[in-house]
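Below is one structure; the comments refer to it alone.
The values are calculated or read from the model by the stated rules, or taken from the named source; none is laboratory data. Predicted model, so just to flag it, every value in this text is computed and none were measured. All Cβ positions, even for glycine, are placed from backbone atoms using ideal geometry, and neighbour counts span all protein chains on display.
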Amino acid sequence: MLPYSTVEQLRYGYVTNQDYFFRTGIEKKPTNKVSVTALGFVGDEQAETFHGGVERAVLQFDCHYYAQLQQLFPKSASLFVSGGYGENLVVAGMNEHNICIGDKIAVGSVVLEVAQPRQPCFKLNHRFKEPTISRYSQDNSKTGWFYRVLQEGDINVNDEIRVIERPYPQWTIATVQHYLYIETDNLAATTALAQLPELGAEVRGVFQHRLESNDVEDWNSRLESLIKLEMRVVKIVAESATIKRFYLSRTDLGALPSFSAGAHITLKLPNGLKRSYSLCDSAVEGVYQIAVQQARDSQGGSQYMHQQVNVGDVLSVYEPANFFEMARDKHQLFVAAGIGITPFIPMIHEAIAHQEQFELHYCVDNIDDYPFKNELSAYAANIHLYTPTQRLDLAQLLNIHQRGSHVYSCGSPAFVQLVRDNASHWSLNNVHFENFSPVEHVDDSAFSAIITLSGAKVEINVTAKQSVLDAIRKQGLTLDSACETGTCGRCKVQYSGDVDHRDTILSARERKTYMTPCVSRCKSGVLNIQLD
């Protein structure tokens, strides 16, 4: 029997920038009845012309998926509701595994034809406040699909929706996606899909291009793009002899992307380096604030910020990302050292806003003169200071893990590791940390790596003082990154060889296939890295 179901919701919407910093038509509202033309639901808008058209006229998504997504991504559970994916047709039980390319669908007085799978883009990551949801949707065939309209007419809520003709039972949406994204070297499938007339021209063209060029696409930019802003330095304040606070504002005076406590921004500096800095204040509208400490062994990031950046300069800034989010609970325990204090200032504000108890344990060089002293003095009753002569006893502080307590640490890798070691008896879900620099290993050795890109192989040498990421870039190759401390996973690559994994983001299963070249190294032999 061919699939059938009932229309639970009909949705259409207008293009907006509200709550986003790009144009989008994903926010749609329900209606009881809709007229359908060759271009889709009357009144439904798309942000870009290529998001619509006759082969993208109507989008359907299986609403059964939302309950699963709520379980998989609990922090975004409230956003996974019918209509969340921007679908026009909210229907249960019809999905990528039982709907095929070329299926003819009767619903109301309308006849539709399945044209192509939806190719998710980075905007879903913003929609659901989850940086991996676009890739998850693509890899797990939870994307929805587009129809072309064969017969115009009207649809009502509760109308039956039924497959009335199936010319290609072998080409389910999920099967097409398998050859589109996973088994990309299957010549027989590629040839067949390149010639399938009912398959939308956009996707059919991908398979045709593969036959002509023997090349496979890189989907990363579509799935993971971050918004890049041009921002002017409007103020610089010396917090101490080695720390400067920079105030940044958009050059176009537009609204800034919002962020939660613990977030950072990544700066692309004119000297070619990318550096990430915690946002250290959430109270000033229209301004991002970061604090930069000049490191004695700076590789060009903090040194450039301190010596080359002046008021009026314009910097390229990637939107906020957060790998150090707070958990909502009764008691927040912050443990910081030096410049590691920066994320805790907005965290204190957030704890107060949520009426959560908090205490800050802060290790400083001088109890009478330390970074952000004036701001922190407002919370003196909750702050405990420590110096080299009055040391913090982490074992005593973290001895008892009370229900409803979370501990957060930020500082040098050695300091963070001390906190983690002393909290080893805590639940892993209640221990949060952020390194502001990668772990130093004085016994690192040089090694060789073979980089494969588009079939070509290049051998590179990685010195003892150099990361694999830097060595790759020195060859003129491009590899995206963000934190460069092994905490975000943005630079992860496929590899083979004996790897010393030094990241804090990849699971044991992922480490069998991927490594983070910003911090991880080769233990022995030659490291092989695949960049495509």
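From the list 479, 428, exactly one residue is of a type in the set (A, V, I, L, M) and outside the structural domain of residue 397 (by TED's automatic domain parsing). Which is it?
Details: 428 fails: outside the structural domain of residue 397 (by TED's automatic domain parsing).
After ruling out the rest, the residue left standing is 479.
Inside region 350-380, can you point out the residues that are outside any loop (DSSP other than H, G, I, E, B), over 28 Å from residue 238 (Cβ atoms) and free of Cβ contacts under 8 Å to residues at least 24 places away in the same chain?
Hit for region 350-380 is 353, nothing else.
Only residues that are touching a residue at least 40 places away in the same chain (Cβ under 8 Å) and at positive phi: list them for region 462-484, please.
Across region 462-484, the qualifying residue is only 484.
Can you name the strands (runs of 3 or more DSSP E) wholly within region 233-284 that have at least 1 residues being over 21 Å from the mean Cα position of the chain (by Cα) and under 14 Å from residue 302 (Cα atoms)?
Numbers: elements: 243-250, 264-268, 274-278.
So the answer is 243-250.
Yes or no: residue 184 buried (at least 21 other Cβ atoms within 10 Å of the Cβ), β-branched (Val, Ile, Thr) and part of a loop (DSSP other than H, G, I, E, B)? Reasoning before the result, please.
Values: buried (at least 21 other Cβ atoms within 10 Å of the Cβ): no; β-branched (Val, Ile, Thr): yes; part of a loop (DSSP other than H, G, I, E, B): yes.
Judged against the criteria, residue 184 is not a match.
Among (1) polar (S, T, N, Q); (2) modelled with pLDDT under 90; (3) crowded, with 19+ Cβ neighbours inside 10 Å, where does residue 422 come up short?
Single failed check for residue 422: (2).
Give the number of residues within region 323-349 that are surrounded by fewer than 22 Cβ atoms within 10 Å (Cβ to Cβ) and more than 21 Å from residue 423 (Cβ to Cβ).
1
Restricting region 111-138 to residues that are under 30 Å from residue 151 (Cα atoms) and charged (D, E, K, R), which is surrounded by the fewest Cβ atoms within 10 Å (Cβ to Cβ)?
Looking at the filtered set, the residue picked out is 113.
Quick check, is residue 215 modelled with pLDDT of 90 or more and acidic (Asp, Glu)?
On the way: modelled with pLDDT of 90 or more: no; acidic (Asp, Glu): yes.
So residue 215 does not fit the description; no.
Checking the structure you have, find out if any residue of region 152-160 is among the aliphatic types (A, V, I, L, M), within 16 Å of residue 58 (Cα to Cα) and not in a helix (DSSP H, G or I). Break it down stepwise before answering.
Here is the first cut: in region 152-160, the ones among the aliphatic types (A, V, I, L, M) are 155, 157.
Within this subset, residues satisfying the condition of being within 16 Å of residue 58 (Cα to Cα) are 155, 157.
Adding the requirement that they be not in a helix (DSSP H, G or I) leaves 155, 157.
Yes; the residues of region 152-160 include at least one that is among the aliphatic types (A, V, I, L, M), within 16 Å of residue 58 (Cα to Cα) and not in a helix (DSSP H, G or I).
Strands (runs of 3 or more DSSP E) wholly in region 1-45 with at least 3 residues that are surrounded by 13 or more Cβ atoms within 10 Å (Cβ to Cβ), modelled with pLDDT of 75 or more and touching a Gly at 6+ places or on another chain (Cβ under 7 Å) - which ones? Write out each step before concluding.
Numbers: elements: 4-12, 29-31, 33-37.
Fully inside region 1-45 and qualifying: 4-12.
Does residue 87 fit the bill of being touching a Phe, Trp or Tyr at 6+ places or on another chain (Cβ under 9 Å), closer than 28 Å to residue 258 by Cα and surrounded by 18 or more Cβ atoms within 10 Å (Cβ to Cβ)?
Working: touching a Phe, Trp or Tyr at 6+ places or on another chain (Cβ under 9 Å): yes; closer than 28 Å to residue 258 by Cα: yes; surrounded by 18 or more Cβ atoms within 10 Å (Cβ to Cβ): yes.
It is true that residue 87 is touching a Phe, Trp or Tyr at 6+ places or on another chain (Cβ under 9 Å), closer than 28 Å to residue 258 by Cα and surrounded by 18 or more Cβ atoms within 10 Å (Cβ to Cβ).
Which residue, of 487, 504, is over 17 Å from residue 275 (Cα atoms), in contact (Cβ under 8 Å) with a residue 60 or more places away in the chain and not charged (D, E, K, R)? Write out each step before concluding.
Numbers: 487 fails: over 17 Å from residue 275 (Cα atoms).
Among 487, 504, only 504 is over 17 Å from residue 275 (Cα atoms), in contact (Cβ under 8 Å) with a residue 60 or more places away in the chain and not charged (D, E, K, R).
Among (1) in a helix (DSSP H, G or I); (2) in contact (Cβ under 8 Å) with a residue 12 or more places away in the chain; (3) out of contact with any helix residue (DSSP H, G or I) (no Cβ under 8 Å at 6 or more places or on another chain); (4) of a type in the set (Asp, Glu), there is one condition residue 212 misses while meeting the rest; what is its number?
Failing condition for residue 212: (2).
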